[in-house]
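So the structure is just underneath, and the comments pick up after that.
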Amino acid sequence: MEIAEHIKGILATLPTKPGCYIYRNTAGDVIYVGKAINLRNRVRSYFHADNSHDAKTRRLVREVANIEWILVGSELEALILEMNLIKKHRPKFNVRLKDDKRYPYIKVHWADPFPKVTVTRQMAEDGSRYFGPYTSAWAVYQTLDVLRRIFPYLTCDREITGQDKRACLYYDIKLCTAPCIGAVNQAGYRQMISDLMSFLSGHSEEIVTRMQNEMQKAADEMRFEKAAALRDQLKAIESIIERQKVVFATDYKDSDVLAMARSDGEACVQIFFIRNGKLIGREYFILEGTEDTGDSEVMAEFVKQFYAEAATVPEQVMLPQEIEVEEAKIIGQWMRSRRGGEKVEFFVPKKGQPHDLVKMAAENASETLSALRAQWQADTHKQEQALAELQSALQLPEPPNRIECYDISNTQGTAIIGAMVVFEQGVPAKSLYRKFNIESVVGAPDDFASMEEMLTRRFRRWKASQDASTSHSGNPLPGSKPDASFSFLPDLIIIDGGKGQLGRAVGVLEKAGLSGKVPIVGLAKQQEEIFFPNKSDSLMLPRHSQALYLVQRIRDEAHRYGITAHRKKRTKLGMASQLDSIPGIGPTRRKALLKHFGSVDKIREASIEELKAVVPENAAQSIKAHLE
């Protein structure tokens, strides 16, 4: 293999110290990040004419156009830097977690006097306790829904003084212990949250024992309502504990069990979380960039990336195979620091229950990967088929990989909202959705004018992004950050409406200088006919075709998004109108009340004294009289 002269120069000047090396391609993109205790020896080994290199390494070397390196003080520092660089750049030749989004965690705000429990995707050193990461936000919310029925934690933003006169509805339906009215003191509330954290950690025996003692004491003291509440909590806890599989009859170290299945460049790692001898949960993670990489190296990369994000590190990690000795040593050193100086043991079980657990995790990983691959292939095939059918039916020059659909929602001309949804490669790109508060239409509803305003504003934003983000050479200016919702032209526009709506939309494109450059059609609401600009004949897509299903899905998504935004706006207007009907409350006082209390419900709950802090006494009396 011929090595470029400037690469030879870099190889000749590499230091012999520990650090990280970064390979870039001709476009300047980072394509690989690695670490080494001796940078010169490690980097030079890639460029030796060695037949032992695998196909992936040979492809990597062919793409290397530049090499950078960063010196560090130790191999541990190199490992930490390597993980951060992979997370930042996601190089295509590195093994990496497939989803680059942040995973959700359960966050207990332990530093607060009355801690709340929330979901977050970012851990911070703020005194809070974290549990996770989880792969599914839905699963997190399901978990919290169950936990809240056992440990009724706070969800409101009240300042807790214990002096409030009334609790909210959640207290009545037993989803809050109401520290706001002093129904539970700070010590009692924090004990409940401590129990919740112990339960999430898999340590429930002490909680059950204490609750049983408290229930018996309450019954002996004839506090039967308290005893009944504890009885219900215990039943809920025990029903969950019963579903947790006991895997070790005797005390055993808290462990994570890892196993892996692989197929076509992707790997699925399944983790079983063993706490206090019980299997309390499981998660799977998909890795990509694993082709031509050995199992041991893939597992090592997963361990580094997962435990860099994990809220807790257990005493023991069971693995399906050994990690390379030197790598395991440095990972163990790093994980020990993550565990506060306590040792973390890597263990490859050869027999007994631990071996069976690894085997079971491997079977789960294999089944999960097979199911996911079948799902991905089916979805991808359908999307490709739908786009190809749509291209053919609409006689487009290329498949419509970016489709934008527009809809108008209003009630008798009030709270008018324009909705823009974007589909890329046949799937919704929800981060690109945008809503428009229609400002030019007042009084009677006028969907034609509303559509014209929305599209005018959309393509004005596109024109502005072109002017702001490019030089005369067409290259982005330094520091420019165009809004991806507006800075790209679609391959197809769908207007949810008939010929009238379509005509207004075509007019907007003509004014923007885009006539003939952006394909546009109208979709009638009745029989789902597709109308074309300046043509009398409509098109009916074949029933049961993937193209029709895609168009219907896009139209329904635009309608759903618009209706949701419209209802929120209408509710907000309705809230304001409730206050406007009260004598002595005009726009200025209404605005001040809503700013201070946040909602009509909280204004309704406020005392006269609290209302007087915002409005005069006569107005406060009027508010209480009307809202109660």
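Each value in this text was obtained by applying a stated rule to the coordinates, not by laboratory testing. Predicted, not measured: the structure shown is a model, and the values here were computed from it. All Cβ positions, glycine included, derive from the backbone under ideal geometry; neighbour counts span all protein chains shown.
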Check your understanding: For Phe448 and His355 in the same chain, what is the full-extension length gain: residue separation times 0.36 nm, less their Cα-Cα distance, in nm?
Key -> 26.7 nm
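What FRET efficiency do you get for Arg338 and Asp145 if R0 is 30 Å and r is their Cβ-Cβ distance, rounded to the nearest 0.05? Please list the in-between numbers first.
Details: r = 30 Å, r/R0 = 1.01.
Efficiency, from the Cβ-Cβ distance: 0.50.
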Practice item. Can you tell me the relative contact order of the chain? Whole percent, Cα pairs under 8 Å, sequence separation 6 or more. Key: 8
Check your understanding: So, by mean Cβ neighbours within 10 angstrom, what's the order for 261-269, 614-622 with the highest one leading?
Key -> 261-269, 614-622
Revision key, fill the gap. Sorted on mean Cβ neighbours within 10 Å (highest first), peptides 224-231, 486-493, 515-522 come out as 486-493, 515-522, 224-231
Review point. In nm, what is the difference between 0.36 nm times the number of residues separating Glu297 and Lys568 and their Cα-Cα distance?
Key: 92.5 nm
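Cα gyration tensor of region 105-246, axes a ≥ b ≥ c as square roots of the eigenvalues: rounded (a/c below 1.5), prolate (a/b > b/c) or oblate? Kindly include the intermediate steps, with their values, before the conclusion.
Working: a/c = 1.83, a/b = 1.14, b/c = 1.61.
Oblate, since a/c reaches 1.5 and b/c is not below a/b.
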Review point. At a Förster distance of 45 Å, what's the computed FRET efficiency of His48 paired with Lys116, Cβ-Cβ distance as r, to 0.05?
Key: 0.20
**Study point:** Relative contact order (%) - criterion: Cα under 8 Å, at least six apart; region: region 5-94
**Key:** 40
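Region 290-393: which trypsin sites (Lys or Arg not before Pro) are DSSP loop and have at most 16 other beta-carbon atoms within 10 angstrom? If you can, show how the numbers build up before the last one.
On the way: sites: Lys304, Lys329, Arg336, Arg338, Arg339, Lys343, Lys350, Lys351, Lys359, Arg373, Lys382; in loops: Arg339, Lys343, Lys350, Lys351.
Those that pass, being in a loop and sparsely packed, are Arg339, Lys343, Lys350, Lys351.
If the chain between Ser545 and His626 were fully stretched, how many nm would it gain, using 0.36 nm times the residue separation less the Cα-Cα distance? Before the final figure, lay out each step's value.
On the way: separation 81, 0.36 × 81 = 29.16 nm, distance 5.67 nm.
In short, 23.5 nm is gained.
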Point to revise | Cα centroid separation - region 1-64 against region 120-198, whole Å | key: 52
Exercise for review: Once you have a ≥ b ≥ c as the square roots of the Cα gyration tensor eigenvalues for region 581-627, tell me rounded if a/c is under 1.5, and otherwise prolate or oblate according to whether a/b is larger than b/c.
Suggested key: rounded
Point to revise | Separation in nanometres of the label points that stand 7 Å from Cα toward Cβ, at Ser431 and Glu315 | key: 4.2
Exercise for review: List, in order, the whole-Hz ³J(HN,Hα) value for each residue of region 127-132 obtained from phi through the Karplus relation with A = 6.51, B = -1.76, C = 1.60 and θ = phi - 60°; use x for Gly and Pro.
Suggested key: x, 7, 10, 10, 9, x
Review point. Each label point is 7 Å from the Cα along the Cα-to-Cβ direction; what then is the distance between the points at Glu238 and Ser599, in nm?
Key: 3.7
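Where does each of 320-327, 149-156 land if you order them by average Cβ count within 10 Å, highest first? Could the numbers behind the result be given before it?
On the way: 320-327: 14.6, 149-156: 18.6.
Packing proxy ranking, top to bottom: 149-156, 320-327.
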Check your understanding: Using 7 Å Cα-to-Cβ label points, what is the Asp537/Ala4 separation (nm, one decimal)?
Key -> 5.5
Revision key, fill the gap. On the formula 1/(1 + (r/R0)^6), with r taken between the Cβ atoms of Leu489 and Lys511 and R0 of 22 Å, the FRET efficiency rounded to 0.05 is 0.90
**Study point:** Read-out Cα extents along the principal axes in Å, derived from the coordinates shown; its label in (1) 83, 82, 48; (2) 90, 53, 52; (3) 109, 62, 49
**Key:** (1)
**Study point:** Those GluC sites (Glu not before Pro) in region 329-425 that DSSP places in a loop and that have at most 13 other beta carbons within 10 Å
**Key:** Glu342
Practice item. When a/c is below 1.5 the answer is rounded, else prolate if a/b is larger than b/c, else oblate, so apply that to region 255-370 with a ≥ b ≥ c taken from the square roots of the Cα gyration tensor eigenvalues. Key: oblate
Point to revise | Residue-averaged 222 nm ellipticity for the chain, from DSSP H runs of 4+ at -39500 (n - 2.57), nearest 500 | key: -15000 deg cm²/dmol
